[in-house]
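Step one of this worksheet: look at the structure below.
The values are calculated or read from the model by the stated rules, or taken from the named source; none is laboratory data. Computed from a prediction, not measured in an experiment: that's the story for all the values here. Note that each Cβ is placed from the backbone with ideal geometry, even for glycine, and that neighbours are counted across all protein chains shown. Ligands, DNA and RNA are stripped out before the accessible areas are found, and what is left, the full protein with its side chains, is counted by its heavy atoms. Shrake-Rupley method; radii C 1.70, N 1.55, O 1.52, S 1.80 Å.
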Amino acid sequence: MDSKLSQHKHFESDELSRMPEKEKGQNGDEQIVAEIMGRRFSPSLITTRAWERFHFVGHEIEITEATDSYGAVVWPSALVLCHFLEMNVNSCSMGDKNVIEIGAGTGLVSIVASFLGAQVTATDLPELLGNLQYNVLRNTKRRCKQQPQVKELFWGVDLEEKFPKSLCQFDYVLAADVVYHHPYLDELLLTFDHLCQDNTVILWAMRFRQEKENQFVDRFQKLFDLEVISDFPSLNIILFKAKRRRSREKWSPIGC
């Protein structure tokens, strides 16, 4: 694994355990964060293949990660979303629901949703689809009620052609860590808007890093009613639930 990427990921996954004892407990979320991060098991030996193992919904999930892309690594936001899906099967049931994940990356969230009974479409950029497809098939083949699909999705590009509103009516849109320092925030907002019907629920785990993320949330709220489900200050992660607004404001591009 690329050394910079490996070091960054190791820091995020292990940051709570390395906090000084006197700092633990300041945020009040350390116990639940430890439970969430405890679902990840890294290999004790260095291998030629970058992989990690996770435990959700009674299944052991082995995820292969790419060595050259931040988009093909399991970040803490994905674990937060997986844990929520597992612990809220009644209030946010995935059973027989039509679900799409945008920015699926390694596929962990899509795999967990599939284990919970959803018909899942996992999407990402073309260069990530090979690893995404590998992880999805490895972990779900003959283990899920409905085999998940993997599809290419460029945010904001050919949305009606590839995901026509008349045919693609999703119950849930799942997203973990799709807002960060990239130039496609306007396209991301257009994609959220296109994929949602009036009754579609967005479940979105977001790590706040820069002011630009706050700007995106402000614009997002012009199109969607946004509710904070959970807040994890130790990780700077907020889990949101959103639906289309009945009265929608005009919005301007992020750069304006």
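Of the residues Leu108, Leu5, which single one is open to solvent by less than 30 Å² (accessible area, probe 1.4 Å) and modelled with pLDDT of 95 or more?
None of the others qualify; the one that does is Leu108.
How about the stretch 190-209: which of its residues are farther than 24 Å from Arg246 by Cβ and out of contact with any Phe, Trp or Tyr (no Cβ under 8 Å at 6 or more places or on another chain)?
Phe208, the sole residue that qualifies.
Output yes when any residue across the stretch 37-49 is among the hydrophobic types (A, V, I, L, M, F, W, C), surrounded by 14 or more Cβ atoms within 10 Å (Cβ to Cβ) and over 26 Å from Ile229 (Cα atoms), and no when none is.
Among the residues of the stretch 37-49, not one is among the hydrophobic types (A, V, I, L, M, F, W, C), surrounded by 14 or more Cβ atoms within 10 Å (Cβ to Cβ) and over 26 Å from Ile229 (Cα atoms), which makes the answer no.
What are the pairs with Cβ atoms under 7 angstrom where one residue, in the stretch 225-243, is among the hydroxyl-bearing types (Ser, Thr, Tyr) and the other, located anywhere, is in a strand (DSSP E or B) and surrounded by 16 or more Cβ atoms within 10 Å (Cβ to Cβ)? Sequence gap at least six, or different chains.
Hits for this filter: Ser230/Leu239.
Would a scan of the stretch 171-183 turn up a residue that is open to solvent by 20 Å² or more (accessible area, probe 1.4 Å) and in a helix (DSSP H, G or I)?
no
Anything in the stretch 194-212 that is acidic (Asp, Glu) and touching a residue at least 40 places away in the same chain (Cβ under 8 Å)? List them, or say none.
Asp198
Run down Ser93, Ser77 and say which single residue is open to solvent by 30 Å² or more (accessible area, probe 1.4 Å) and among the polar types (S, T, N, Q).
Ser93
Among residues belonging to the stretch 199-219 that are closer than 22 Å to Phe163 by Cβ and modelled with pLDDT under 95, point out the one that is least open to solvent (accessible area, probe 1.4 Å).
Phe216
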